[in-house]
Every structure is written in C-alpha cells, then in structure tokens.
C-alpha cells in the first residue's frame with residue numbers, strides 16, 4: 001500500500017530540486033563556465049586545485065577532485081587536485097593540536113601556491129573551518145571560489161567569488177552542488193581541449209595581489225541554453 005504522505009514528500013522534494021536547478025540554469029551557468037575556463041588556464045600549466053567541505057559537502061568536494069585526477073567524460077591527462085578532508089592523519093593531527101577550525105587552513109598554507117585554485121563547499125556558508133581556509137587561500141595568493149546555499153553568507157564574503165544555491169533544504173543544496181560540480185568539470189574539459197588554453201601559472205606580484213583583490217563581477221557563459 002502506498003504511503004501517500006511519503007509520496008507527497010517525495011513530490012515536494014523533487015519540485016524543490018527542480019526549482020533549484022532552474023535557478024542554477026538561469027543564473028549560475030555563466031559563472032561555472034567562467035570558472036571552468038579559468039581552471040583550464042591553471043591545471044594544464046602545472047597548477048593545482050584544492051577542495052574541502054564538511055559532511056555531505058566533503059563528499060561533493062572529493063567528487064570534484066576525483067573527476068579532475070581521473071576523468072569526467074573524455075580521455076585526457078590527469079590533473080593535480082586534492083580533497084583536504086581526505087588526508088585523515090593531517091586532519092586529525094591539526095584538529096588535535098590547533099583546533100577544528102584550522103583543519104583546512106593549515107593544509108591550504110602547506111599546499112596552496114600563488115595562482116592555484118581553492119574550492120570550498122558548504123550548504124550554510126557559515127562553517128568556521130571553511131571560512132578560515134578561504135582566508136588562508138587568499139593569503140597564499142590562491143583564487144578562492146565558494147559553492148554555498150542561500151546568500152549572503154560569511155563564506156561567500158571570504159571567497160573571491162561564490163555560486164549560491166537558493167534552496168530551503170540542505171539536501172536540495174547538496175544535490176544542486178553535485179550538478180554544479182559536473183558542469184564545472186564539463187566547462188573545464190571543453191576549455192582545456194581548446195588549443196592554447198593553458199598558459200604558465202604566474203608566480204609574481206600580480207597573482208600574490210589576489211589575496212586582497214575584490215570579488216569579480218560578471219561571468220562569461222559557455223553553455224548554450226537548449227529550447
């Protein structure tokens with residue numbers, strides 16, 4: 001016998017996800033396309049992506065790094081991408097010695113280089129350890145991008161740029177983040193396959209100044225909207 005109350009809940013969940021995806025399609029594709037193109041100028045030139053999150057967002061962050069080290073759809077070279085929460089010995093040592101709010105920031109200080117990219121995922125945008133990581137990334141001269149739930153929020157403010165998912169439920173935000181991760185990988189692969197996309201990663205003052213650079217406004221769409 002069908003539980004109509006459970007079925008109603010499932011319909012509401014699916015509708016909430018559809019609404020969030022519609023908003024991502026209308027307002028987020030340009031940013032993801034821009035990120036993918038810029039990432040294609042970093043990783044093939046020897047740069048690195050670092051990623052982190054807590055709980056379900058940690059799984060999404062590790063999904064992103066797996067797609068870059070392995071592959072998304074097409075065969076291509078492996079690229080350097082590290083999920084900071086997956087290094088359990090460092091994570092627990094830092095948490096024990098410095099506090100949980102430093103578990104990502106100290107790893108960013110160790111692994112991040114000017115011109116590298118740091119991607120932080122959070123449904124709330126309020127996790128202290130991710131905010132600390134964003135600050136550490138800016139200090140290191142990295143490009144800091146956040147994927148969060150509804151904005152404004154502290155993590156989005158600490159990052160250079162943010163992609164907001166305007167959805168009321170944590171589950172819906174996480175599900176939409178997964179789509180965003182795949183779209184970022186698709187944009188990256190497309191841009192990286194373009195001749196001349198990669199360029200040497202700058203190690204000079206121009207990149208170091210990103211630590212104090214304001215947020216970028218606007219984005220270049222690379223996704224074509226289908227009818």
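Just so it is clear, none of the values below were taken in a lab; they were calculated from the coordinates. These numbers come from a predicted model, not from an experiment. Cβ coordinates were reconstructed from backbone atoms using ideal geometry, including for glycine residues, and neighbour counts include every protein chain displayed.
The average projected area of region 1-65, computed from the convex hull of its Cα atoms over all directions, is 6.5 nm². Peptides 115-128, 155-168 ranked from most to least packed give 115-128, 155-168, packing being the mean of other C-beta atoms within 10 angstrom over each peptide's residues. Model label sites at residue 13 and residue 97, defined 7 Å from Cα along the beta-carbon direction, differ in position by 4.2 nm. So what's the projected area for region 16-193, the Cα convex hull averaged over all directions, in nm²? The orientation-averaged projected area of the Cα hull of region 16-193 comes to 9.1 nm². Taking every Cα-Cα distance in region 54-158 and sorting them into 5 Å bins from zero, the calculated P(r) comes out as 2, 13, 22, 25, 22, 11, 4, 1, 0 percent.
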